[in-house]
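Notes for the one structure printed next.
None of the figures in this text is laboratory data; all of them are computed from the coordinates on show. The shown structure was predicted, so the numbers you read here are calculated from the model rather than taken from an experiment. We place every Cβ from the backbone using ideal geometry, glycine too, and count neighbours over all the protein chains shown.
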Amino acid sequence: MIPFEYRTPKSLKEVHEELKQFGTDAKLIAGGTALIIMMKQRLVRPACLISLRALRGLNNITAKDGGLRIGGLVTHRQVETSSLLRRRVPLLAETYRHVATIRVRNMATVAGGLAHADPNQDPPPTLIALGAALKAVSANGNREIPLEEFFKDYYETVLRPDEIITEVSVPRLPPNSAGAFLKFLPRTADDYATVSAAVVVTLDRTKKNFADVRIALGSVGTTPVRAREAEAVLRGQPVKPEGLREAAERAKQAVDPISDFRGSAAYKKEMAGVFVRRALEKALGSLPRKAKTPARRRK
Ligand SMILES: Cc1cc2nc3c(=O)[nH]c(=O)nc-3n(C[C@H](O)[C@H](O)[C@H](O)COP(=O)(O)OP(=O)(O)OC[C@H]3O[C@@H](n4cnc5c(N)ncnc54)[C@H](O)[C@@H]3O)c2cc1C
């Protein structure tokens, strides 16, 4: 490991001062689970690490406008176990439970995970399907960035070097909504996904038609992918197995995976369709029974 300075500011103002002093030679560090590995591999060589761990007020989960506000320093384990969060957005708790091991989840923070921007991570598709946004704070002010617009490329986001992610907000879902996250893990339980799919469905008042659908996938491109054409096939349509199959086909067309040791590109594309259909079935199956849910079809 190459030598570096280590700073422990106590406030956001002090973080901004350190960032100003070191510029792009500095790196923020939160849980350290991603950054330390990248430093050991010499993929990044910061002259200074600015630890966020002494900052106050960024490690709480609170109710906000019927939805949730999750502080940037909240750990994955907190998201997984918070009773407020499990009650309001069980889909999110379920998604974070799938990340790595408890040891990693105890250290890894929500903001650190998002800034890391590995397209194989689990939380981004779910946060996109939920319509979440993050708050980025610099010395010059704040901006809110929808998660959907946050990821630019492999390990690249729209975040500027002087910006700190301080919170993620998750809006309240409309009535008759449910979600599902599925992670296809053919190797070991703590691996990254071969393919992951997150969906949020909202039915209309009759509970027979889709009022809205949001679908996002992970591990199938250089960033998480929102499958808008698959959503459009279902929106306003009756809940029918044919519709789910058509949406799954469109989802396959939206992805562009690479071949690696988790599977060939063609296999991952196929699995993207399968897991979108299964996630839709799972979400529909968790809504009250009055809604007509299509029979489950095995591929
Ligand atoms: C063994 C292992 C297995 C894993 N398996 C999975 C998995 O199955 N699924 C999955 O989704 N993920 C997995 N991960 C990735 C894990 O989710 C990330 O390592 C973690 O989320 C990073 O969070 P952190 O707080 O440790 O970030 P850090 O390592 O502290 O930082 C990561 C990046 O974010 C920046 N950063 C940190 N905080 C902020 C902030 N507040 N504002 C702006 N930038 C910030 C840092 O400068 C750095 O560039 C795995 C990691 C490991 C080590």
Please list, or write none, the aspartates and glutamates whose alpha carbon is within less than 14 Å of the alpha carbon of Lys152, excluding same-chain residues fewer than 8 places away. Asp118
Helix 241-254: angle to the longest alpha-carbon principal axis of the chain, degrees 0 to 90, nearest 10? 40 degrees
Which one of Phe261, Val239, Val276 is farthest out on the positive end of the charge dipole of region 225-290, using unit charges on Cβ (Lys, Arg +1; Asp, Glu -1) and the Cα centre as origin? Val239
Per 10 Å bin from zero, what fraction in whole % of the C-alpha pairs of region 151-207 is there, up to the bin with the longest pair? 16, 26, 36, 20, 3
Along principal axes, largest first, the alpha-carbon spread of the chain in whole Å comes out as 59, 43, 31
Filtered trypsin sites (Lys or Arg not before Pro), region 145-243: DSSP coil and at most 10 other beta carbons within 10 Å: Arg205
On a 0 to 90° scale, report how tilted helix 12-22 is relative to the longest principal axis of the chain, with both axes built from alpha carbons and the result rounded to the nearest 10. 70 degrees
Assuming 0.36 nm per residue, please report the length gained on full extension of the stretch Lys240 to Arg103 beyond their Cα-Cα distance. 45.1 nm
From the C-alpha gyration tensor of region 105-172, pull out the three semi-axes of the equivalent ellipsoid (sqrt of 5λ each), sorted largest to smallest, in whole Å. 17, 14, 12
To the nearest 0.05, what FRET efficiency results for Leu185 and Asp65 with a Förster distance of 35 Å applied to their C-beta separation? 0.50
Can you tell which of Gly72, Gly131, Gly218 shows the greatest fluctuation in a Gaussian network model of the chain with Cα springs below 10 Å? Gly131
Which residue fluctuates the most in the chain, going by a Gaussian network model with Cα springs under 10 Å, if the choices are Phe261, Phe151, Phe22? Phe261
Sorting Met39, Ser11, His76 by the position of each Cα along the dipole of region 1-86 (Lys, Arg +1; Asp, Glu -1; all at Cβ), the one nearest the positive end of that ordering is His76
To the nearest 20 debye, what is the magnitude of the charge dipole of region 150-211 about its Cα centre, counting +1 on the Cβ of each Lys and Arg and -1 on the Cβ of each Asp and Glu? 560 debye
Simple spin-label estimate for Ser264/Asn140, 7 Å along Cα→Cβ, in nm, reads 4.9 nm
Charge-dipole axis of the chain as Lys and Arg at +1 and Asp and Glu at -1 on Cβ define it, positive-most pick from Asn142, Ser219, Gln21: Ser219
Expected-Rg normalisation [2.2 N^0.38 Å, Cα atoms] applied to region 132-241: 1.28
Mean-square fluctuation check for the chain, GNM, Cα pairs under 10 Å: which of Lys268, Lys282, Lys40 is largest? Lys40
Roughly how many Å is it from the Cα centre of region 1-69 to that of region 270-289, as a whole number? 37 Å
Would you work out if region 188-293 is rounded, prolate or oblate? Take a ≥ b ≥ c from the square roots of the eigenvalues of the alpha-carbon gyration tensor; rounded if a/c is under 1.5, else prolate when a/b is larger than b/c, oblate otherwise. prolate
